[in-house]
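What follows is a single structure, written as C-alpha cells, with notes after it.
Rule-based calculations on the coordinates, nothing more; no lab input. Model, not experiment: these values are computed from the prediction. With ideal geometry, Cβ positions are generated from the backbone for all residues, glycine too; neighbour counts draw on all protein chains shown.
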Protein chains: 2
Amino acid sequence: MNPTRETIEAYYRSLQSDLCDRLSLLDGAASFGVDEWQRPEGGGGTTRVMSAGNVFEKGAINVSAVYGPIPPELGENFGATGEQFFATGISMIFHPRNPFAPTMHANLRYLEIENSAAWFGGGLDLTPYYLFEEDAEHFHSVCQRACAGHTVADYATMKRACDDYFFLPHRGEARGIGGLFYDRHSDDLHGQFVFQRELGDTLYESYAPILERRRDTPFEEKHQRWHRVRRGRYVEFNLVWDRGTKFGLQTRGRTESILVSMPPEVSWEYASAPEEGTPERTLLNLLTGEPRDWVR
Amino acid sequence: MNPTRETIEAYYRSLQSDLCDRLSLLDGAASFGVDEWQRPEGGGGTTRVMSAGNVFEKGAINVSAVYGPIPPELGENFGATGEQFFATGISMIFHPRNPFAPTMHANLRYLEIENSAAWFGGGLDLTPYYLFEEDAEHFHSVCQRACAGHTVADYATMKRACDDYFFLPHRGEARGIGGLFYDRHSDDLHGQFVFQRELGDTLYESYAPILERRRDTPFEEKHQRWHRVRRGRYVEFNLVWDRGTKFGLQTRGRTESILVSMPPEVSWEYASAPEEGTPERTLLNLLTGEPRDWVR
C-alpha cells in the first residue's frame with residue numbers, strides 16, 4: 001500500500017525531532033530553537049536552528065508540508081499536468097566550528113501532483129575542508145549499507161548522481177566527497193518510503209562518528225581562513241547552481257528557511273590557491289579530479 | 001562620428017589606470033596588482049585587485065575586451081542576429097574596511113554585433129551599511145550633474161532603472177541607495193560615448209569625499225557584525241539576481257574576475273533583525289521602503 005501524505009510528513013517530523021535531540025546532546029552546549037511558519041497559499045513548516053554550539057557553529061533542520069494550486073513557475077519543472085500539488089520534505093545542514101570537521105547536508109522529499117504523479121527524492125552528502133580518507137570511507141560505507149537490500153536503490157547510481165549534482169562548473173570543482181542523490185523516483189512508492197526511512201534513520205550514524213573524531217582537533221587561524229574560503233564555494237554552489245535554492249528564492253519561498261543553509265562566517269579572496277604539498281592542496285586536487293570510489 | 005572599438009577600449013584602460021592610481025593614493029597603504037588574462041575564444045582583460053589596505057579591505061577594477069563568434073547561449077540575450085560580437089567594458093567594486101563607509105560599484109560597457117547593432121550600458125550605485133543622508137545626497141548630486149547637458153541621458157529615468165535593478169525580491173530589500181543604471185542605449189553612439197566618459201571621469205568624485213568622511217569613524221564589533229551580515233545580501237544579489245554575474249558564470253567567463261566582486265568577510269545569521277530605534281533599523285527601513293529621491 002502506498003504511504004499517505006500524513007504518514008510521510010509524520011515520519012519527517014519525528015526524524016527532525018529525533019535528530020535535534022541527538023545532535024544537541026552530541027554538541028553539549030546549544031539546542032535547536034523552534035520556528036513554526038505558515039505558507040500563505042497553504043501549509044507551512046518548522047525550522048529548527050542551532051548556533052554557537054560547542055561542535056556546531058550553525059546547524060539547521062527544516063521540515064515543511066505545503067500544498068495548493070500549482071504555481072505557474074512550477075508547472076514546467078514538475079513536467080506533470082494537474083492543478084493541485086502537495087510537497088513535504090526534511091532538509092538539514094550542519095556547519096561545524098572545527099575546520100577539520102566536515103559540513104553535512106541531507107534532504108528527503110516527497111511530491112504529489114493531484115490525480116497525476118507522485119515521487120520521492122533525496123540524498124546526503126559530505127563537504128570536508130581537509131581530507132581524512134577514513135571519514136570519506138565511513139560516510140560512503142553507511143550510504144552503501146543504507147541502499148543494500150532495497151530494490152528501489154542502487155548505491156553506484158546514486159553515488160554517481162551525487163557527484164554529478166554537487167559540482168561547480170564555474171570552478172571545475174566538486175562541492176565535496178559526495179554521497180547519495182536521487183530524484184523523481186516514482187516506481188514502488190511503498191518501497192521508496194521504506195528506503196527513505198532507512199536513509200533517515202542512518203543519517204546520525206553517517207555523521208556523528210566523524211564529528212566525534214574531529215571536534216577537538218587543534219586548529220590555527222590559517223585553518224580557519226581556508227575553512228571560510230571553502231565555505232564561499234558552498235555559498236556559490238547553493239546560490240548559483242542548487243535547483244532547490246534557486247527555485248525556492250524565485251518562487252518566494254520562506255527566505256530564512258531556504259538560506260538557513262548559508263555558512264555562518266565566509267570569506268572570498270581573489271585568486272588564492274593553496275601551495276603544493278599542503279593538506280589544502282590535497283583537498284583541492286581531490287575536488288578537481290575524477291570522483292573517487294570510497295567503498296568497494 | 002561613431003567611436004571605434006579601439007577608442008572605447010583605450011578609454012576604459014586609461015580610466016582603470018587613473019582610478020587605480022588615485023585610489024591607491026587615497027588608501028595610502030596598498031596598491032592594485034595587475035593580472036593580464038586571455039580569453040581562449042578571443043580577447044582578454046586586465047584585472048587589478050587591492051586588498052588589506054587602510055581604507056579598502058578589498059577593491060577591484062576589471063577591464064576586458066573580448067570578441068569572437070557569438071556563443072549559442074548569448075544569441076537570445078543579445079536579441080540581435082549576427083555571427084561575431086565584440087564587447088568591452090570596465091567594472092569596479094570597492095569594499096571599505098570601515099562599516100560606516102559604503103561599498104561602491106560601477107560599470108561601463110560597450111557591445112557590438114557585427115553588421116547589426118551596437119550599444120552602450122552602465123551605471124554606478126552605492127551600498128551603505130549605515131545611512132548618512134549627506135552621503136546619499138552627495139552621490140546622487142554627482143550622478144545628476146553627470147547627466148546634465150547630455151541629450152542621451154536622463155537622471156530621473158536612470159535613477160529609477162537603478163532602483164529597479166538593484167533589488168532583492170526574496171528579501172523585499174533594495175541593495176543600497178541606488179545611483180544610475182542604463183542598458184542597450186544605441187541611439188547617437190557618439191553622444192553615448194561622450195556621456196560614458198563624463199560618467200567615468202566623475203566616478204572618483206562621486207565616492208572619494210564619502211570615503212574621506214567615513215574612513216576613520218570609530219567602530220565596534222557590533223558594527224562589523226552588521227557589516228558582514230549586510231555584505232551577505234550583496235553576495236545574494238550578485239549570485240542570485242545579477243544578470244552579468246549569472247551570465248558570466250554560466251558561459252564560463254573568467255571566474256576570478258567575475259567573483260572579484262564578492263566581499264572579503266561575510267556572515268549569515270538566521271532570521272536576525274535589528275531592533276527598533278537603532279541605526280541598523282534605520283537603514284533596513286530605508287531599503288525596504290519606497291526608493292527615496294536624494295536630489296531635487
Using label points projected 7 Å from each Cα along Cα→Cβ, tell me how many nm separate B:E134 and A:S116, to one decimal. 6.0 nm
Reduced to Cα centres, the span from segment B:175-241 to segment A:205-254 in Å works out to 29 Å
Expressed as a whole-number percentage, the relative contact order of chain A with C-alpha contacts under 8 angstrom and at least six residues apart is 16 percent
Quick check: pseudo-label points 7 Å beyond the Cα along Cα→Cβ at B:T202 and B:Y67, how many nm apart are they? 3.1 nm
How much of the DSSP beta bridge set in chain A is antiparallel, as a percent to the nearest 5? 100 percent
Shape of segment A:200-243 from its Cα gyration tensor (a ≥ b ≥ c, root eigenvalues): rounded if a/c is under 1.5, otherwise prolate when a/b > b/c, or oblate? oblate
Relative contact order (percent) for segment B:1-111, with alpha-carbon contacts under 8 angstrom and 6 or more residues of separation? 21 percent
Can you work out the Karplus-derived ³J(HN,Hα) for every residue in segment A:113-124? Use 6.51 cos²θ - 1.76 cosθ + 1.60 with θ = phi - 60°, whole Hz, and x for glycine or proline. 9, 3, 6, 9, 7, 8, 7, 10, x, x, x, 8
I'd like the FRET efficiency for A:R252 and B:S14, computed as 1/(1 + (r/R0)^6) with the beta carbon distance as r and R0 of 60 Å, rounded to 0.05. 0.85
As a quick test, which of the pairs B:K159/B:K246; A:K222/B:K58; A:K159/A:K222; A:K222/A:K246 have an alpha carbon distance above 29 angstrom in this structure? A:K159/A:K222; A:K222/A:K246
Determine the calculated [θ] at 222 nm for the protein assembly as shown from helices alone, applying -39500 (n - 2.57) to every DSSP H run no shorter than 4 residues and normalising by the residue count; nearest 500 deg cm²/dmol. -13000 deg cm²/dmol
